[in-house]
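Notes for the one structure printed next.
The values are calculated or read from the model by the stated rules, or taken from the named source; none is laboratory data. Remember, predicted model here, so these are calculated numbers, not experimental data. Heads up, the Cβs are rebuilt from the backbone with ideal geometry, glycines too, and the neighbour counts pull from every protein chain shown.
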Amino acid sequence: MRENRLKLGIAGSAVILAAVMVLAYRNANRAVGAGHWVSHTYEVIAELESAFSGLKNAESGVRYFEVTGREEFSKPYHDAVQETDRSLTRLRALVADNSQQEQRLSALLSERKARMAELDALVEVRRRRGFEAARRMTASTGFARMEYARRLIDEMQSEEKRLLEVRLNDERDAARQTVLSISALCILAITVFALLIARITRDNIALTVEIAERRKAQQALDRYARFFSLSVDMFCIADFDGYFKELSDSWEIVLGHPKEEMLKIPYLDFIHPEDRQRTSEESSENSAGTSTLSFENRYRCKDGSYKWLLWNAKPISAERLIYAVARDITERKQDEQALQDYAGKLEKANAELDAFSYSVSHDLRAPLRAIDGFAKILEEDYAPRLDDEGRRLLGVVCNNARQMGRLIDELLAFSRLGRKKLEKTTVDMDALADSVVEQQKSMEPKRTIAVERKTLPAAHGDPALLQQVMANLVSNAFKFTRQKPDARVEIGFTEDAYFVKDNGAGFDMRYSNKLFGVFSRLHGADEFEGTGVGLALVQRIVSRHGGRIWADARPGEGATFRFTLPKSGGDNA
Amino acid sequence: MITNAKDVEILLVEDNPTDAELTIRALKKQHLANKLHHAKDGAEALDFLFARGAYAGRKVENGPKLVLLDLKLPKVDGLEVLREMKADPRTKVIPVVIMTSSKEERDVVESYKLGVNSYVAKPVDFGRFSKAVEDLGLYWLLINHPPQG
């Protein structure tokens, strides 16, 4: 388009330039022709002058001879005659183009001929009959003829002068037009050149920009091509007809088939028979314009094994091509499988554990109940026959049976907690703390414990389990303040953590690492009763809620337990 | 363990002899054990309840007034006994108290689904155990009035 317009411009300019050049040439030619005619006219005028002076010289030569009669004076006359002849001969040639002048010249010639005859006769008369006879002859002839010749010459001269005037004008005219057309030519040429240069410059700039852009695009292409060949992921372009068009090097590396081989065979042939139907359907979707995201199938390797590939693909309907990237996820799939197997095993193990705890809770408790029950019966029925030591020993049996019962219960509760699904809701921690405190107080009605309750924010969690947390912590606080006359328990919330603080026995922070372990206790059974499961349970509940529990204590000064829970309405459930 | 199968008020289904003895002792204290029959497994309990086999002479309609049922039993387990009782209109109205060592939630849930009237986990502590058994016997036999039918 742009090229065509440029060509048209150049052609148009050339035509105009040629036309102006022809015009200029013709004007110049005309000027040269006009100049030629001017000089021709000058020539004619000069020749006429010369002819006229020849005529006059002939007259005066004749006079000399007439007066002197001396033969040597006849020579100028003859010379003049010859001179006149030459001039007239040249004139004849010069005015051949002008019939008027030619006629005048003919008249002049005949006049001159007649006069020459007269002068020749006069010369003869003088020679033969002497001066007087010649003088008479002179007086009677000559003057009229001479006048006539002069008139003819004058006419011719004035004609030539008129012609000269015309021709000079013509010459000037032609010269002016020549100058004009050459000037126009120059201006036009300069204009055309300027336009062309401007145009070329502009095109050049556009071209330079375009070249730079293309170079950039080429560089980008080269770069992508490098990625294409470098990528660990497998790039490909597939035709809607079911064949690969282009494959990155990674295909060869991952599957082991030479690329040329893969291009020759429909890609469905490489796919695991079980995945073929799905893949074919997915390809149809692609052909219909739908992109593929996270599609998985298996491709056959050179060695006959299969690799799991994860696909993203985008069809370009106009090109009838699918641009796709595949990733070898075989390892991940294997890991997933292993994980699934592991989960299955874990589930089985859990079920076994479940059955085991069920049987423990059932079967271990029955003999304990028998021990405790029969010891009690013994005490009831045979007390009078036992001494104090006997009764004390029975008491030890009962206490231990009960302790073991508690251990079993708590252990089971602890193991159940690991399997129990959390049923989360918004928990009113204020109400929960109140009911726990109430319950604890009712269990030890004789004690006076100052319980300071501060407002607690609601939490997001399993109400029964959070109740257990609070109950364990508060009962601990009650338990470990037993020996303090001014027992104080504080329940509150600071710095995003709930806390239960007491001024009881506390513990040495050196052993804090044992605080939350199952069956680990920081106090002797003779000091404070307990199974060592309570805090382990509490920690398990808190951590299952996504929270954290920690303690701060000093021996004899009390302990503070702090724990965090997901906020009510939060998403971190 | 029974004098007259006709006048049974409490059917105790318990395979563990010591638990049975402790239960009976607790009931005796409240004079509730006079008309008690002790079945040692689920099959026997069903025979008794539906007057089959060794108990063919009984009438289903004659009671008992309360069943104390252990869950883990030989032959037929407690939940199955409960299921069959609650499926038959003649035995459906008899109050059933599950007494078991298990505190497993799934047992509790399943029992209530089947229409159990009470669920008691047997405590290891004999004092508490006796108290529970006495309270149950008293409540279901003396205080509660089951619909006639």
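A few comments on the model shown:
- Wholly within the range A:348-454, helices (runs of 4 or more DSSP H) carrying at least 1 residues that are modelled with pLDDT under 80: A:365-382, A:388-419
Every residue, every condition in (1) in contact with a Leu (Cβ under 8 Å, 6 or more places away or on another chain); (2) modelled with pLDDT under 80, yes or no:
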residue	(1), (2)
A:40	yes, no
A:46	no, no
A:51	yes, no
A:63	no, yes
A:70	no, yes
A:74	no, yes
A:78	no, no
A:83	no, no
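- All conditions but one from (1) polar (S, T, N, Q); (2) out of contact with any Phe, Trp or Tyr (no Cβ under 8 Å at 6 or more places or on another chain); (3) buried (at least 16 other Cβ atoms within 10 Å of the Cβ) apply to residue A:435; the one that does not is (3).
- Within the range A:277-308, tally of residues that are exposed (fewer than 15 other Cβ atoms within 10 Å of the Cβ), of a type in the set (Ser, Thr, Tyr) and assigned to a strand (DSSP E or B): 1
- Selection status of residue A:420, within 12 Å of another protein chain (Cβ to nearest Cβ) and surrounded by 13 or more Cβ atoms within 10 Å (Cβ to Cβ): yes
- For the range B:1-114, the helices (runs of 4 or more DSSP H) that sit wholly inside it and include 2 or more residues that are at pLDDT 80 or above are B:17-29, B:42-49, B:78-87, B:89-92.
- Sole residue being touching a residue at least 40 places away in the same chain (Cβ under 8 Å) and within 14 Å of chain B (Cβ to nearest Cβ), chosen from A:327, A:369, A:365, A:300: A:365
- Within the range B:61-97, the set of residues being in contact with a Gly (Cβ under 6 Å, 6 or more places away or on another chain) and crowded, with 21+ Cβ neighbours inside 10 Å comprises B:69, B:70, B:71, B:73, B:81.
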